[in-house]
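The values are calculated or read from the model by the stated rules, or taken from the named source; none is laboratory data. Just so you know, these numbers come straight off a predicted model, no measurement behind them. Note: ideal-geometry Cβ built from the backbone for every residue, glycine included; neighbour counts use all protein chains shown.
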Amino acid sequence: MASYRRSRAPGATYFFTVNLADRSRDDLTTQIAHLRTAWSVTRAEHPFHVDAVVVLPDHLHAIWTLPDGDADFSVRWRKIKSRYSANLAPMPRSASKQSRGEKGIWQRRFWEHRIRDAEDMRAHMHYCWFNPIKHGLVQQVADWPYSSFHREVARGTIPKDWSGRMGGP
């Protein structure tokens, strides 16, 4: 079995990519209420600050800042995935996934990157917000409803017509 080394710094900020097992499905957006519930219940038990998030049909990207003294993002993702999956019917899955009680909804692991500095943070926030355009889901960032972009527009930190292009709004 592969050994995965993760950066674990208490109170750090991380960028994540989390995928459905079947990338042709659209469960994350069609079942967004279940994801929101799983997210909020987990966040109440194991706090974290959501710096940015975008949910696409088959995957999501998020930037979280963990509390001081806490580096356990894995337990948070495990609980979010488990709670979300509890509301969905099992997918066709391997004997290995069946033996572990997995429903086959999510890819087993996730990708994480520790944010290094303000420029790295800006680049990853913009990556989140631009992702629906990258995947051909919308023509304008503001048209994608499942994004923290709208929160930042409401706060006045970014213009509604932000395009993600260098030098443009």
*Does residue 145 fit the bill of being in contact (Cβ under 8 Å) with a residue 12 or more places away in the chain and either touching a strand residue (DSSP E or B) at 6+ places or on another chain (Cβ under 7 Å) or assigned to a loop (DSSP other than H, G, I, E, B) (or both)?*
no
*Give me the pairs, please: first residue somewhere in region 41-63 and more than 19 Å from residue 115 (Cβ to Cβ), second residue anywhere and among the hydroxyl-bearing types (Ser, Thr, Tyr) and in a loop (DSSP other than H, G, I, E, B), beta-carbon distance under 7 Å, and either six or more positions apart or on two chains.*
55/146
*What residue, among those in region 1-35 that are in contact with a helix residue (DSSP H, G or I) (Cβ under 7 Å, 6 or more places away or on another chain) and either at pLDDT below 95 or assigned to a helix (DSSP H, G or I) (or both), is surrounded by the fewest Cβ atoms within 10 Å (Cβ to Cβ)?*
34
*Could you list, in sequence order, all residues of region 131-168 that are among the aromatic types (Phe, Trp, Tyr) and modelled with pLDDT of 95 or more?*
144, 146, 149
*asked:* Condition first: over 11 Å from residue 56 (Cβ atoms), of a type in the set (A, V, I, L, M) and not in a helix (DSSP H, G or I). Now tell me which residues in region 131-142 satisfy that.
replied: none
*Take residue 38 and decide whether it is outside any strand (DSSP E or B) and surrounded by 16 or more Cβ atoms within 10 Å (Cβ to Cβ).*
yes
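Give 90, 47 a once-over and let me know the one that is modelled with pLDDT of 95 or more and either of a type in the set (Ser, Thr, Tyr) or in a loop (DSSP other than H, G, I, E, B) (or both).
Numbers: 90 fails: modelled with pLDDT of 95 or more.
Criteria check complete, one pass: 47.
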